[in-house]
1. Surrounded by 10 or more Cβ atoms within 10 Å (Cβ to Cβ), out of contact with any Asp or Glu (no Cβ under 6 Å at 6 or more places or on another chain) and among the acidic types (Asp, Glu): does that describe Glu169?
2. Somewhere in the stretch 14-29, is a residue at pLDDT 90 or above and in a loop (DSSP other than H, G, I, E, B)?
3. Please work out which one of (1) at pLDDT 95 or above; (2) more than 30 Å from Ser26 (Cβ to Cβ); (3) under 20 Å from the mean Cα position of the chain (by Cα) is the condition Pro124 fails and give its number.
4. Among the listed residues Asp72, Asp95, Asp82, which satisfies the condition of being within 15 Å of Val32 (Cα to Cα), acidic (Asp, Glu) and at pLDDT below 95?
5. Here is a check on your reading of the model: is Asp39 assigned to a helix (DSSP H, G or I), modelled with pLDDT of 90 or more and surrounded by fewer than 13 Cβ atoms within 10 Å (Cβ to Cβ)?
6. Which numbered condition trips up Val147, out of (1) surrounded by fewer than 13 Cβ atoms within 10 Å (Cβ to Cβ); (2) more than 27 Å from Leu35 (Cβ to Cβ); (3) in contact with a helix residue (DSSP H, G or I) (Cβ under 9 Å, 6 or more places away or on another chain)?
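The values are calculated or read from the model by the stated rules, or taken from the named source; none is laboratory data. Everything quoted here is computed from the prediction, not taken from an experiment. Neighbour counts are summed over all protein chains in view; Cβ atoms, including those assigned to glycine, are modelled from backbone coordinates with ideal geometry.
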Amino acid sequence: MNRRALLVCALLLLLAPAFVAAQQASDSPDRVQVLQFLDLMHARSQMTVVLDGMAKQIRAGAEESFKKKVPDATPEQLAKLDKICDSMFASLSIDDFIDAIVPIYQKHLTKADLAAATAFYSSPAGQKILKELPSIMSESMQAGAEVGRKTLAAKSEDLNRQIADLVKESTGK
């Protein structure tokens, strides 16, 4: 092969990733398409449900922890604790979450993927799933929190026992 042909092949090999990336970028949905899909998916209300569920779980955990430390906690103290927990979520913006996930959808989905998903979620079955999803998510979070609480309680007891054993072993007491 002559020198010129080698140079052309080398240039093609070097530029191939750029051509592929440009092709993929043109096949990616634009921001408006992703936002329309997220609206169809009721993403804002679903995120609100998730954040509300998280807030409830954190509030319940904080109250449980506080009551262990202050067994005779007054309603006023618990109300202050609730305000503290609520303030953690007050500064969270759904718009910030949406802005953060749009590029993720653009990275992982093509225009065709988004069109197919839109077609499904526009169908009666898709609409049923969307209607039930907030309840499914809420109930799933409650079930998951209970599983986590039981597991962590058991692990915590085991950890405390192991630490006590290690202390005895280390101190000889």
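1. Criteria not met by Glu169.
2. The answer is yes; a qualifying residue exists.
3. (3)
4. Only one candidate passes the filter, namely Asp95.
5. yes
6. (3)
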